[in-house]
Amino acid sequence: MSVQPLKQVACEECGGRGWVRERRNERASARACECSRVCLKCGDSGWRLATQQAAFSEKAGVRDYDVMRPCECREARQRLARFDAAGLPGRFATADFEGYRSQNEAQHRAWSEARAFAHGYQPGQGATGFILSGPVGTGKTHLLSAVLAHLALEVGVPVRYQEISFLFQDIRRGFREGKSGGEIIGPLCEVELLAIDELGKGRGSEFEMETLDELIARRYNSGKVTLFATNYSLAAERKGAPRAVHGYVSSDEAKQDAKDSQLLRSRVGERIFSRLFDMCSFIEMPAETKDYRVMRQELELRNLRPRRT
Ligand SMILES: [Zn+2]
Ligand SMILES: [Zn+2]
């Protein structure tokens with residue numbers, strides 16, 4: 001009778017990945033799973049003994065020497081720290097590509113492009129980013145979070161997530177504490193991969209435009225990859241612009257237009273918009289894409305309704 005080898009059972013909690021993503025207050029966080037909390041390879045010292053061949057003297061010739069090498073568990077810990085440093089919102093702590101539900105062709109394309117980007121990313125090699133545009137509830141933040149989580153945890157890339165209006169708030173608060181705007185956006189300019197959410201949101205003040213311009217220009221000039229999500233349309237022009245009728249637009253009218261506009265181009269201005277064009281591929285989910293949070297509610301309501309007999 002032959003003995004069947006024991007089947008390797010993957011840990012139920014982490015599926016064998018060794019880490020678990022979870023919500024910690026307002027932020028997404030990752031921790032080592034119980035199954036791999038203590039490194040069995042190095043006894044948690046972070047160092048492993050290895051053999052290296054070297055010839056220190058001609059007389060002795062090539063010999064084996066014991067050397068201490070950093071254990072892989074150090075890298076694993078660093079990846080967890082990178083995920084925490086990304087600053088993803090708590091409610092997207094577990095967002096991944098498998099958990100994204102596309103309702104139509106455009107959403108499926110957005111999912112597939114985001115996933116291809118994440119899986120094809122080569123650290124330090126530069127890449128074309130993407131900008132996702134679509135109405136509220138089409139899963140744009142979900143996709144950004146899935147990309148950042150994959151890059152931080154599976155590839156080890158330093159990443160950051162930034163909701164743009166929170167950045168403006170932080171800078172205003174910083175001013176009151178005597179910090180400069182440059183000091184606050186510095187880390188966002190430096191990080192290897194940055195995702196900016198809610199692009200176009202805000203009052204559109206001069207201060208906001210200058211901040212955004214500096215951030216994008218600095219990343220653009222240093223060849224860093226940036227991803228964006230926006231509720232505004234990526235179309236170059238509005239259909240049937242009404243003010244074009246009298247052929248003249250006063251600067252007050254132009255300002256009002258930019259404020260009311262549903263076009264990202266008017267929201268961020270020509271300069272930033274054309275930079276986005278150079279840095280990113282444009283992915284637009286049409287306005288008719290249904291908010292999946294509403295759809296889920298509808299579905300739940302339908303299921304709750306008592307059945308007529
Ligand atoms: Zn586990
Ligand atoms: Zn180890």
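Quick notes on this one:
- Cβ crowding within 10 Å averaged over residues, with 145-153, 49-57 ranked highest first: 145-153, 49-57
- Per-residue 3J(HN,Hα) values for region 197-209, derived from phi via the Karplus relation 6.51 cos²θ - 1.76 cosθ + 1.60 with θ = phi - 60°, read 9, 6, 4, x, 6, x, 8, x, 6, 4, 4, 5, 5 Hz in sequence order (x marks Gly and Pro).
- When each of the peptides 122-130, 104-112, 191-199 is scored by how many other beta carbons lie within 10 Å of its residues on average, the order from highest to lowest is 191-199, 104-112, 122-130.
- Estimated distance in nm for a label pair at Ser222 and Arg173, the labels positioned 7 Å out from Cα along Cα-to-Cβ: 2.4
- Sequence ranges 131-142, 14-25, ranked by mean other-Cβ count within 10 angstrom, highest first: 131-142, 14-25
- Estimated D of region 120-234 in µm² per second, where Rh is the Kirkwood radius over Cα pairs and Stokes-Einstein applies at 20 °C, 1.002 mPa s: 145
- 3J(HN,Hα) along region 9-25: 9, 5, 4, 5, 6, 10, x, x, 6, x, 9, 10, 9, 8, 8, 10, 6 Hz, from the Karplus curve 6.51 cos²θ - 1.76 cosθ + 1.60 with θ = phi - 60°, whole Hz, x for Gly and Pro.
- Accessible surface of Cys71, taken over heavy atoms with a 1.4 Å probe and every protein chain present, rounds to 10 Å².
- Along region 40-51 the Karplus relation, 6.51 cos²θ - 1.76 cosθ + 1.60 evaluated at θ = phi - 60°, assigns HN-Hα couplings of 7, 6, 10, x, 6, 7, x, 10, 10, 7, 9, 9 Hz to successive residues, with x for each Gly and Pro.
- Per residue Cα convex hull volume in Å³ - calculated over region 1-117: 250
The values are calculated or read from the model by the stated rules, or taken from the named source; none is laboratory data. The model shown is predicted, which means the values in this text are computed figures rather than measured ones. FYI the Cβ positions are ideal-geometry reconstructions off the backbone, even for glycines, and counts take in every protein chain you see. Side chains are part of the model used for accessible areas, which takes the heavy atoms of the whole protein and leaves out ligands, DNA and RNA. Shrake-Rupley method; radii C 1.70, N 1.55, O 1.52, S 1.80 Å.
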